[in-house]
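Engineer: Can you read through this structure? Questions will come right after.
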Amino acid sequence: MSTKPPFAIHVEDEVLEDLRTRLRRTRWPDQIDAAGWEQGTERETLRALVEYWAEEFDWRAYERQLNALPQFKVEGIHFVHQAASGQPILVVNGWPSTFLEELPLLEPLSAFDVVIPSLPGYGFSDRPREAGMTPRAIAERLAELMRGLGYDRFLAHGSDFGAEVVTQLALAHPDRVIGLHLSTFDWRPHLGEQPLSVRERDYVDARDRSGERESAYDELQSTKPQTLGYALNDSPAGLAGWFLEKWRSWSDCDGDVIGYFGAGFLCAMLTIYWATETATSSARLYYEHRWRQPPLGPGDHVDVPTAVALFAAGEPAPPREWAERLFNVTRWTEMPRGGHFAATEEPQLLATDIAAFLTKLLDCRTI
């Protein structure tokens, strides 16, 4: 894989025209007066985004910007590869996101070799045709990708399902992962007989309370993703409504999700999901994770050095001792701002923490 043909994104004109037609023909549901976001995505906010997507958003301009990046597709995996003759860093996103979320890290990490893949079933990577593409299976695919690029050892960073994938990578290949860096943390480690601390009990209670209001998407995607897929694959407004609510509630946007991220960025992300028809396949990862991947056991522990950069806006924040049940935590940073989508929300804070962690590993001569 030392030589690889470049990959260029091109969405057919017919797909874009069909998208605009569907957006213009959206049949809007009613909404309870003054309900706001309490029952889900607020209608007028979504209506404004859909109107912008249909009438003003210029996908071709965004496509040209993306195609200026060094992109490739090997063995069904699409990835951006910034080769700077520096230490390699694998950067993996999760749901409901695409590789776009991680692109703001390229400039502040310009001294490093950065590989940003699209997970199988996400973006321009191939959609799995058979069951079994669990986070553990994806970890093996990415291990082979990195080996093919000539990187025997590398730092791995992940958020959301990306954090799950790189953790599985560290569990399976501790000799190859020199360090693990996580910017979201939603692990449920095997507790064994060790009692919870007061802070851990408070965290578990807060997480469970939050789940009562926020986890319907998880329950649906991890049990009946195909049923959901018919709606998301047929209605771009429905797709936007399903995703926008999470980008608002999990981020540090103070309620203004469009103003915070920008309508152009949100529409670009949604266009990728729409054009590649990956809303269903990306949601299916929840099913694969829940039913086909063995749960963590008492013997599972990540021994490689692990850094947690905690961007906790919108989600309960775990204490360090909770993370230490599963990880060899050597760096713990509680960020002053930012949420679930840290690479887009606060790329400088995240990149600085990744670089400092990697530099410390190098100084300690651990690689």
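Engineer: Please list, ordered by chain and number, the residues whose modelled amide H lies under 5 Å from the amide H of VAL92; skip anything fewer than 5 residues away on the same chain.
Structural biologist: HIS157, GLY158, SER159
Engineer: Moving to a separate point now. Which whole-angstrom value gives the distance between the alpha carbon centres of the range 140-175 and the range 190-216?
Structural biologist: If we compute the Cα centre of each part, the gap is 28 Å.
Engineer: Tell me what the chain gives for mean residue ellipticity at 222 nm when only DSSP H runs of n ≥ 4 count, each as -39,500 (n - 2.57), the sum divided by the residue total, rounded to 500 deg cm²/dmol.
Structural biologist: That calculation yields -13500 deg cm²/dmol at 222 nm.
Engineer: Still on this structure: For a protection proxy built on the mean count of beta-carbon atoms within 10 angstrom, sort 108-118, 41-51, 64-74 highest first, please.
Structural biologist: Output ranking for 108-118, 41-51, 64-74: 108-118, 41-51, 64-74.
Engineer: If you don't mind, another one. Which FRET efficiency value, to the nearest 0.05, is calculated for ASP256 and ALA34 with the Förster distance at 25 angstrom and r the Cβ-Cβ distance?
Structural biologist: 0.85
Engineer: Right, here's the next one. Please name which of GLY259, GLN293, PRO305 has its Cα lying farthest along the dipole of the range 253-315 towards the positive end, using unit charges on Cβ (Lys, Arg +1; Asp, Glu -1) and the Cα centre as origin.
Structural biologist: Of the listed residues, the answer is GLN293.
Engineer: Could I ask something else about it? Which of these, ALA237, ALA35, ALA279, has the largest mean-square fluctuation under a Gaussian network model of the chain (Cα springs below 10 Å)?
Structural biologist: Judging by the Gaussian network model, the answer is ALA35.
Engineer: Give the lysines whose C-alpha is closer than 24 Å to that of LYS224, dropping any in the same chain fewer than 8 places away, or say none.
Structural biologist: In chain and number order, the partners are LYS246.
Engineer: Okay, next question. Which whole-Hz couplings ³J(HN,Hα) result when phi for each residue of the range 154-166 is put into the Karplus expression 6.51 cos²θ - 1.76 cosθ + 1.60, θ = phi - 60°, listed in order with x for Gly and Pro?
Structural biologist: For the range 154-166, the Karplus-derived couplings read 7, 7, 10, 10, x, 9, 6, 4, x, 5, 4, 5, 6 Hz, x marking Gly and Pro.
Engineer: Just to be sure I follow: if Rg is taken over the C-alpha atoms of the range 99-190 and Rh is the Kirkwood radius over the same atoms, what is Rg/Rh?
Structural biologist: Ratio value, two decimals: 0.94.
Engineer: With just the Cα atoms of the range 164-280, tell me how far they stretch along each of the three principal axes, in Å, largest first.
Structural biologist: Dimensions of the range 164-280 along the principal axes of its Cα atoms: 48, 36, 31 Å.
Engineer: Which lysines does LYS4 reach when only Cα atoms under 21 Å apart count, and residues fewer than 8 places away in its own chain are ignored?
Structural biologist: LYS73
Engineer: Moving to a separate point now. Starting from the amide H of TRP332, placed 1.01 Å from N in the peptide plane, find each other amide H under 5 Å away whose residue is 5 or more places distant or on another chain.
Structural biologist: Those qualifying (amide H under 5 Å, at least 5 residues apart or on another chain) are VAL308.
Engineer: About the Cα centre, and with charges only on the beta carbon of Lys, Arg (+1) and Asp, Glu (-1), how big is the dipole of the chain? Nearest 20 debye, please.
Structural biologist: 800 debye
Engineer: Something else: Go through 141-147, 181-187, 129-135 and give me the packing order, highest mean Cβ count within 10 Å leading.
Structural biologist: 181-187, 141-147, 129-135
Engineer: Let me ask something else. Where the Cα atoms of the range 1-118 are projected onto their three principal axes, how long is each span, largest first, in whole Å?
Structural biologist: The principal-axis extents, from largest down, are 57, 34, 24 Å.
Engineer: Something else about it: Over all directions, what mean area does the Cα convex hull of the chain project, stated in square nanometres?
Structural biologist: So the mean shadow area of the Cα hull is 18.1 nm².
Engineer: Also, I was wondering about something else. Output wanted: per-residue J couplings in Hz (rounded whole) for the range 41-47, from phi through Karplus 6.51 cos²θ - 1.76 cosθ + 1.60, θ = phi - 60°, x for Gly and Pro.
Structural biologist: 4, 6, 4, 6, 5, 5, 4
Engineer: Which ³J(HN,Hα) values, rounded to whole Hz and listed in residue order, are derived for the range 82-95 from phi using the Karplus coefficients 6.51, -1.76 and 1.60 in 6.51 cos²θ - 1.76 cosθ + 1.60 with θ = phi - 60°, glycine and proline given as x?
Structural biologist: Result, rounded to whole Hz: 8, 9, 10, 6, x, 5, x, 10, 8, 10, 10, 8, x, 10.
Engineer: Give, as a single signed number, the net charge of other residues whose beta carbon lies under 14 Å from the beta carbon of ALA143, with Lys and Arg counted +1 and Asp and Glu -1.
Structural biologist: 0
Every number in this text was worked out from the coordinates using simple rules, so none of it is lab data. Please read all numbers here as calculations on a predicted model, not as lab measurements. Positions of Cβ are generated from backbone atoms using ideal geometry, with glycine treated the same way; all protein chains shown enter the neighbour counts.
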